[in-house]
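In what follows, a structure is listed as C-alpha cells, so that the remarks can point back to it.
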Amino acid sequence: MNYFLIPILQIAYKDIILELRTKDIFVTILIFALLMGVIFSFVFVPTKQNVVLILPGTLWVSITFAGVLGFNRSLVLEKDKGNLDGLLLCPVTRDVIYFGKFLGLFLFMISAEIFIVPLYAVLYNVSILDVGIPVIVILTTIGFAAVGTLFSAICVNTRSREVMLPILLLPVSVPIIVAAVEGTRSILEGSPVGIERWVQLLAAFDVIFLVLAAFTFGAVLEE
Amino acid sequence: MTEQAARLQSVTKSYDEAPILRDLNLSVNVGERLVLFGANGSGKTTLVRMLATLIKPTSGFIEIDGMELPKHGVRVRQNIGVLTHQYLLYDDLTGYENLRFFGKMFRVDHLTERIMYLAEMIGISDKLHVRTRTLSHGMQKRFSLARALIHSPSILIMDEPETGLDQEAIEILVNIVKSVKSSLIMTTHNVEFGFRLADRVGIISGGSIAYQERRDALDVQEFKKILTQHSV
C-alpha cells in the first residue's frame, strides 16, 4: 500500500508546493469563475422565481470552463522542461503518476470552489447552508478532475493543446456537469429525493472515470 | 559467463513506419562503461530513451539487469540513473527540494544524508537552497547529475552529459562516473571526453551498431578517422 500511496502523496505535495509559489492554477480558476459569475449576474437578473433555474447552470458552467484553464496549466508545467520524463523515470507505475496529478488538481479546484460557491450565493442572494452542497461540489470535482487529468495528458503533446482540451474534455464531462447542475437545483428546491439520485449518479461517474482514466493514462503517455 | 547489465537483441524502433533503430544488437557487462558515438539522427537519443524505459521498441528484446523490458519497467527504473539533455528539475523548487522529491520517489533511505553527500561530491552544497530557475545551466546540470545518482543506480544512462558543462564540471562528472561502481551506457559527440570514461567504444550509424572495440585497443586519432568513415 505504501508503495502506491506514498508516491501519490509525494507528487501531489510537490504540485502543491509549486502551486503555492507560482499560484498559476488556483488564481486562474478563481479569477475566471468569479468574473463569469459577475457577468452572469448582470445577464440573468436573478429573482426569487428564476434563481433556482439560473444559479446551478451558471455556477457549474463557470467552474467547468475555469477548470479547463487550470488543467491546461497543470500538465504544461510538467511538459515544459521535460519534467514529465523525470516523473516517468521514477520507479512507479503510470497510474501512480495519474493519481498524484489528479489529487493535486482536485485540491486546487476544491480550494478555488471554497471561494467561488459562497460568492455565487451572495451574487444570486441564495442560501447555500445545506450539507448537500459540499457533497455535490466534492463529487463533481472528483469526476471532473479525473477526466481533466487524463485529457490534459492527451493534449499536452499536441500543438494546439489549449483548443484541443475543451473540445475533448467537455463532451466527456457532460454527464458529470448535468448531474452537478441537477443536484444543485434539487438542493435549492429542497427536494431530498432528487438530491439522492444525483449524488448516486455522480458517485458512479466518479468511480467509472477514475478507474478508466487510471488504466488508460499509461498508454496516453507512451510516445 | 559474464553477467550483463544490459542486453538488446534485434531491437527496432520506427515512427510512422520510418525506422530509427534497425535490428540493433548490444550488450554491456556489469561494471563496464560503454560509450557510443554517432552523427546527429543516428538513433543515439532514441536508444537512450528506450533503455530508460521512456519508449518501447517496435520489435526486439531488451533486458536490463536481467529484467525484461517493458514487463519489469518499474523494477528496472529503480536500478537505472538517467541523465539527459534536459535537466528534469522543477524550476520553482530549490535544488534540495528537487533532490528530496526524487529521493522520496525512489524510496532512498537516509535521504538527507544522501543529498548532503552528493551535494558535497558534486560541488553544489552552497546552492542547495536556491530555486533551480535562478541557477546557471552548468549548475542545473550538476543538480541533474545528483538527481540521476540519488538512488545509487547500478546502471547509469547518459545522453551527451557534457553538454552545457564547464571544464570544472566535466572533471567532476568524469571523476564521479569513474568512482561509482555503476555500469555506464553513454552517448556523446566528444571523442576525447568519451575516451576518458569508456572501457569500450561503439559507433551507432543508421540505427544500428556499426562498430565496437575496446578503448585500450584504439587511440583517439585512429578512432576519429573510423568515426568519420561511419558518419558519411
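The values are calculated or read from the model by the stated rules, or taken from the named source; none is laboratory data. Computed from a predicted structure; not experimentally measured. As a convention, Cβ positions derive from the backbone with ideal geometry for all residues, glycine included, and neighbour counts pool all protein chains shown. Areas reflect the complete protein model, heavy atoms only, side chains present, ligands, DNA and RNA absent. Shrake-Rupley method; radii C 1.70, N 1.55, O 1.52, S 1.80 Å.
So here's what we get for this one:
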{"quantity": "Some residue of the range B:150-165 being more than 13 Å from the chain's Cα centre (by Cα), outside any loop (DSSP other than H, G, I, E, B) and either more than 18 Å from residue B:82 (Cβ to Cβ) or not small (Gly, Ala, Ser) (or both)", "calculated": "no"}
{"quantity": "Condition check for residue B:100: out of contact with any strand residue (DSSP E or B) (no Cβ under 8 Å at 6 or more places or on another chain), more than 14 Å from chain A (Cβ to nearest Cβ), among the basic types (Lys, Arg) and in contact (Cβ under 8 Å) with a residue 12 or more places away in the chain", "calculated": "no"}
{"quantity": "In the range A:103-127, the residues that are without any contact (Cβ under 8 Å) to a residue 60 or more places away in the chain and not in a helix (DSSP H, G or I)", "calculated": "A:127"}
{"quantity": "Selection from the range A:168-190 of residues that are crowded, with 21+ Cβ neighbours inside 10 Å and among the small types (Gly, Ala, Ser)", "calculated": "A:173, A:179, A:180, A:183, A:186"}
{"quantity": "Some residue of the range A:75-97 being open to solvent by 10 Å² or more (accessible area, probe 1.4 Å), of a type outside the set (Phe, Trp, Tyr), assigned to a helix (DSSP H, G or I) and in contact with a Phe, Trp or Tyr (Cβ under 7 Å, 6 or more places away or on another chain)", "calculated": "yes"}
{"quantity": "Residue in the range A:48-70 that is charged (D, E, K, R) and over 20 Å from the mean Cα position of the chain (by Cα) present", "calculated": "yes"}
{"quantity": "Complete set of residues in the range A:3-58 that are of a type in the set (Lys, Arg) and modelled with pLDDT of 90 or more", "calculated": "A:14, A:21"}
{"quantity": "Top-ranked residue of the range B:71-83 - restricted to ones that are in contact (Cβ under 8 Å) with a residue 40 or more places away in the chain and either at the interface with another protein chain (Cβ under 7 Å from one of its Cβ atoms) or charged (D, E, K, R) (or both), ranked as surrounded by the most Cβ atoms within 10 Å (Cβ to Cβ)", "calculated": "B:82"}
{"quantity": "Which numbered condition residue B:94 misses (of (1) more than 9 Å from chain A (Cβ to nearest Cβ); (2) at pLDDT below 95)", "calculated": "(2)"}
{"quantity": "Residues (surrounded by fewer than 24 Cβ atoms within 10 Å (Cβ to Cβ) and either among the hydroxyl-bearing types (Ser, Thr, Tyr) or touching a Phe, Trp or Tyr at 6+ places or on another chain (Cβ under 7 Å) (or both)) located in the range A:99-119", "calculated": "A:111"}
{"quantity": "Subset of the range B:103-134 that is open to solvent by less than 20 Å² (accessible area, probe 1.4 Å) and within 14 Å of another protein chain (Cβ to nearest Cβ) - its residue that is nearest to residue B:51 (Cα to Cα)", "calculated": "B:106"}
{"quantity": "Test for residue A:151: is it within 14 Å of another protein chain (Cβ to nearest Cβ), within 30 Å of residue B:52 (Cα to Cα) and in contact with a Leu (Cβ under 9 Å, 6 or more places away or on another chain)", "calculated": "no"}
{"quantity": "Some residue of the range B:185-202 being open to solvent by 20 Å² or more (accessible area, probe 1.4 Å), of a type outside the set (Val, Ile, Thr), farther than 12 Å from residue B:36 by Cα and not in a helix (DSSP H, G or I)", "calculated": "no"}
{"quantity": "Answer from A:100, A:70, A:57 - the residue that is within 14 Å of chain B (Cβ to nearest Cβ) and part of a helix (DSSP H, G or I)", "calculated": "A:100"}
